[in-house]
């Protein structure tokens, strides 16, 4: 087998600005390219922006660029035209019709229909790859490709956890039913994952949870931690730090991300000292987070940044005294690594794989525990020397343990084993 591989990376929705899956496909594709492999990303909207600003950071390691093939979809989740009504002409395509009907019934069909589009695209173009690497689409179309060529998939964490937390977080029967309908694609993902010869995941915790939730032997998994983008996330010594300033990188109303609990913690802290919480992103209009901010009267103490670029993102980290990651569960925990790369002391929960990323370089608290968050934040605010020690430990840990080059090398080793086993 030639040492240089032709790799097809499949990514049905890879927002380049947020979300672990989008970051994963973006940086893994370039890291594989740096190793001399021929990489094509087959993606759905939004455009993952693979070859613009990332090319500037490659320091001319290779002359290779990642090939990006965007497949046309209905793009019904485009925030600028959310859940639009497709034109009749569009619905003549059977895949488009399936997608629209499923969404109309409150489902989430993108993994299913994108897999169908990939299968059709590869059949029509007669493209050949040494291996297909699916990024948590886990659709029947991807499984069908496994009959013709080596296929693997990355599962970042089991979506069954998201579904369970979404159902538990609401008392409304209708909302519970909606959540179950939304996550109906999970049954397909379970069936597909069981039939793949090898699954890549990003942490030991995810491996154990996916194996249990999907009923797959742990022996079928390869754990390959992901890297941290230290070119975009790094210390800024020229920016003055504001000790009572706390940063959190999720504005999501999703219960999984735990922002609700942090807001209650901030309310408690304000009884004894002033603090400023900076939330990267924007809350859903009239959603749970926005309503809770009003209820707790936290408006003057919280700033939502909206969408910001990397340069401003790093400046926000540099100004902050503490970064908090209050997630109830993470398959890996990029926000912990990114804050550490910016040399900021971190408080995070023990939810999912967060302790694997944090090691002994962060202050750990139980998930879904506002009082524990409040206590940990107050302790660090009162102890600059502990803040400095954690910041330095975290920075060194990222540089040593979490590089994209390491991730790519281990991924290629996994590819070669899978290819050999297939043949």
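Tell me, yes or no, whether region 281-288 has at least one residue that is more than 21 Å from residue 352 (Cα to Cα) and assigned to a helix (DSSP H, G or I). Yes, region 281-288 contains at least one residue that is more than 21 Å from residue 352 (Cα to Cα) and assigned to a helix (DSSP H, G or I). When residue 59 is tested against the conditions (1) modelled with pLDDT under 75; (2) surrounded by 13 or more Cβ atoms within 10 Å (Cβ to Cβ); (3) under 29 Å from residue 413 (Cβ atoms), the lone failure is (2).
Restricting the search to strands (runs of 3 or more DSSP E) fully inside region 163-272 and requiring at least 2 residues that are more than 20 Å from residue 332 (Cα to Cα) gives 242-248. Against the numbered list (1) surrounded by fewer than 23 Cβ atoms within 10 Å (Cβ to Cβ); (2) touching a strand residue (DSSP E or B) at 6+ places or on another chain (Cβ under 8 Å); (3) at pLDDT 90 or above, residue 43 comes up short only at (1). Any residue at all in region 338-351 that's modelled with pLDDT of 95 or more, closer than 17 Å to residue 269 by Cβ, crowded, with 16+ Cβ neighbours inside 10 Å and over 24 Å from the mean Cα position of the chain (by Cα)? No, region 338-351 contains no residue that is modelled with pLDDT of 95 or more, closer than 17 Å to residue 269 by Cβ, crowded, with 16+ Cβ neighbours inside 10 Å and over 24 Å from the mean Cα position of the chain (by Cα). Scan region 104-121 and give yes if some residue there is in contact with a strand residue (DSSP E or B) (Cβ under 8 Å, 6 or more places away or on another chain), on the phi > 0 side of the Ramachandran plot and in the same structural domain as residue 206 (by TED's automatic domain parsing), otherwise no. No - not one qualifying residue is present in region 104-121. Residue 211 passes every criterion in (1) surrounded by fewer than 21 Cβ atoms within 10 Å (Cβ to Cβ); (2) under 22 Å from residue 108 (Cα atoms); (3) in contact with a helix residue (DSSP H, G or I) (Cβ under 7 Å, 6 or more places away or on another chain) apart from (2). Candidates 373, 378: the one that is out of contact with any strand residue (DSSP E or B) (no Cβ under 8 Å at 6 or more places or on another chain) and in contact (Cβ under 8 Å) with a residue 60 or more places away in the chain is 378. Only a single item in (1) touching a residue at least 40 places away in the same chain (Cβ under 8 Å); (2) touching a strand residue (DSSP E or B) at 6+ places or on another chain (Cβ under 7 Å) is not met by residue 223, and it is number (1). Consider residue 269 carefully, then state whether it is in contact with a strand residue (DSSP E or B) (Cβ under 6 Å, 6 or more places away or on another chain) and more than 27 Å from residue 160 (Cα to Cα). Spelling it out, it is not the case that residue 269 is in contact with a strand residue (DSSP E or B) (Cβ under 6 Å, 6 or more places away or on another chain) and more than 27 Å from residue 160 (Cα to Cα). Against the test of being buried (at least 21 other Cβ atoms within 10 Å of the Cβ) and farther than 24 Å from residue 255 by Cβ, the options 139, 144 yield a single qualifying residue, 139. The listed residues are 300, 312, and the only one of them that is farther than 25 Å from residue 388 by Cβ and free of Cβ contacts under 8 Å to residues at least 40 places away in the same chain turns out to be 300.
The values are calculated or read from the model by the stated rules, or taken from the named source; none is laboratory data. Note that the structure is a prediction, hence the values are computed from the model and not measured. Positions of Cβ are generated from backbone atoms using ideal geometry, with glycine treated the same way; all protein chains shown enter the neighbour counts.
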